[in-house]
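The values are calculated or read from the model by the stated rules, or taken from the named source; none is laboratory data. Predicted, not measured: the structure shown is a model, and the values here were computed from it. Every residue, glycine among them, receives a Cβ derived from its backbone with ideal geometry; neighbour counts consider all protein chains shown. Protein only, heavy atoms only, side chains kept; ligands, DNA and RNA dropped before computing areas. Shrake-Rupley method; radii C 1.70, N 1.55, O 1.52, S 1.80 Å.
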Amino acid sequence: MHIYHISHQRKWKRKEEDGIKVVTVENLKNPYEKQGNFNTRFKLTLNKLYAWSLVAYDRVVMLDSDNLFLQKTDELFQCGQFCAVFINPCIFHTGLFVLQPSLDVFKNMLHELEIGRENPDGADQGFLASYFPDLLDRPMYHPPVNGSKLNGLYRLPLGYQMDASYYYLKLRWSIPCGPNSVITFPSAPWLKPWYWWSWPVLPLGLSWHEQRRSNLGYSSELPVMLIQAVMYLGIIAITRLARPSLTKLCYNRRAEKSISILHLMLKGLALWSIIAAYTVPFFLIPRTVHPVLGWSLYLLGSGALSSVVINAFVLPPLPVLTPWLGIFGSLAVMACPWYSDGVVRALSVFAYAFCCAPFVWVALMKVMSSLQNLLEREAFFPRLGETTELPSKLY
């Protein structure tokens, strides 16, 4: 039985059908909010302490949502009163830990919060590291073969919390300490594995999503993605059909300094439109979709909006779509599965970016040149009420 211990603000619809029992609790007030190094995203992490109140269970394995299990870890339920992994040489990690529920311990922890026990980071990890300060000196956990439960505090082998950064160096696992059972992702918040853009930047993001696909699926996000895909396809079709004829808009230019500001504004508008074409689709995609679906929709969306810019400003397609081709190429370079190690992969990405930079610069220059030519022919801002005098025939 998996227990999800959550705060009362969160609403969970999938309970019985997923075999999940949801325990609703009141948020614990974090007394460390005014610390200088406090990070607001850790404000509610002290709710983990409620795990010690689950006295209906003999052992509880507390997990963060970014853990990726590679195999069964039932032997963890044989560990003692508190067990955790040191992925840092001196500080254990609270992304996964084993505990024996106890109301006495729970009440004592609440008391320690009230009196302001030292907490280096203001989060659950700093508090628990302060509460169990001698865990580093405790023995390594080895599960008894007879299935009995141990007493006391133990250090868990590193194989139960394999930092994803260990993988990125060699693009394979080589953790000799304990079974290679659980991957954790203590990375930057915006590169957590559930975000679609985390892959192929971080290769293991795809593994996390494959686990989700096989267990929960993406039924909640698919309708939104389908609507966006249809919208982008409609935009492409409409812009192709409504492409203006430049020859009908142009006439011979007459010098007039009063419209120079408008010309400058038009150039700025065109550049900002190109930037928006590549950024707006990124923020519209549901953040937790599968990376393959997310990147496919992004490329479709950015291509569709780029077509609007191309047609609206009568720009040459290739320079405007050069960033699109560059992004597609970078995804292919990062997703390539044949790198010997992470260093070679990183150097390949850097070399690709270095080679692409001149093409992007040339594309930008061509866009600016096209806009300048367009303005010189006055395809935009014609003087209303003024007719163009046709030249007299020469005999």
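Is it the case, given these coordinates, that residue 367 is open to solvent by less than 60 Å² (accessible area, probe 1.4 Å), part of a loop (DSSP other than H, G, I, E, B) and in contact with a Phe, Trp or Tyr (Cβ under 9 Å, 6 or more places away or on another chain)? Considered against the rule, which asks whether it is open to solvent by less than 60 Å² (accessible area, probe 1.4 Å), part of a loop (DSSP other than H, G, I, E, B) and in contact with a Phe, Trp or Tyr (Cβ under 9 Å, 6 or more places away or on another chain), residue 367 comes out as no. With respect to the conditions (1) closer than 25 Å to residue 261 by Cα; (2) in contact (Cβ under 8 Å) with a residue 40 or more places away in the chain, residue 342 lacks only one, and its number is (1).
Look at residue 170 and say whether it is basic (Lys, Arg) and over 30 Å from residue 295 (Cβ atoms).
Taking the combined requirement at face value, the residue does not satisfy it.
When each of 207, 214, 219 is tested for being assigned to a helix (DSSP H, G or I), more than 18 Å from the chain's Cα centre (by Cα) and small (Gly, Ala, Ser), the lone residue that passes is 214. Of all residues in the stretch 339-357, those being part of a helix (DSSP H, G or I) and open to solvent by 70 Å² or more (accessible area, probe 1.4 Å) number 5.
The C-beta contact set for the stretch 228-255 (first residue under 19 Å from residue 281 (Cβ atoms) and exposed (fewer than 10 other Cβ atoms within 10 Å of the Cβ), second residue hydroxyl-bearing (Ser, Thr, Tyr) and modelled with pLDDT of 50 or more, distance under 7 angstrom, 6+ apart or interchain) is empty. Do the conditions hold for residue 216, that is, is it among the aliphatic types (A, V, I, L, M) and open to solvent by 50 Å² or more (accessible area, probe 1.4 Å)? So residue 216 passes the test. Answer yes if at least one residue in the stretch 323-338 is touching a residue at least 12 places away in the same chain (Cβ under 8 Å), of a type in the set (A, V, I, L, M), in contact with a helix residue (DSSP H, G or I) (Cβ under 7 Å, 6 or more places away or on another chain) and over 29 Å from residue 166 (Cα atoms), and no otherwise. Taking every residue of the stretch 323-338 in turn, none turns out to be touching a residue at least 12 places away in the same chain (Cβ under 8 Å), of a type in the set (A, V, I, L, M), in contact with a helix residue (DSSP H, G or I) (Cβ under 7 Å, 6 or more places away or on another chain) and over 29 Å from residue 166 (Cα atoms).
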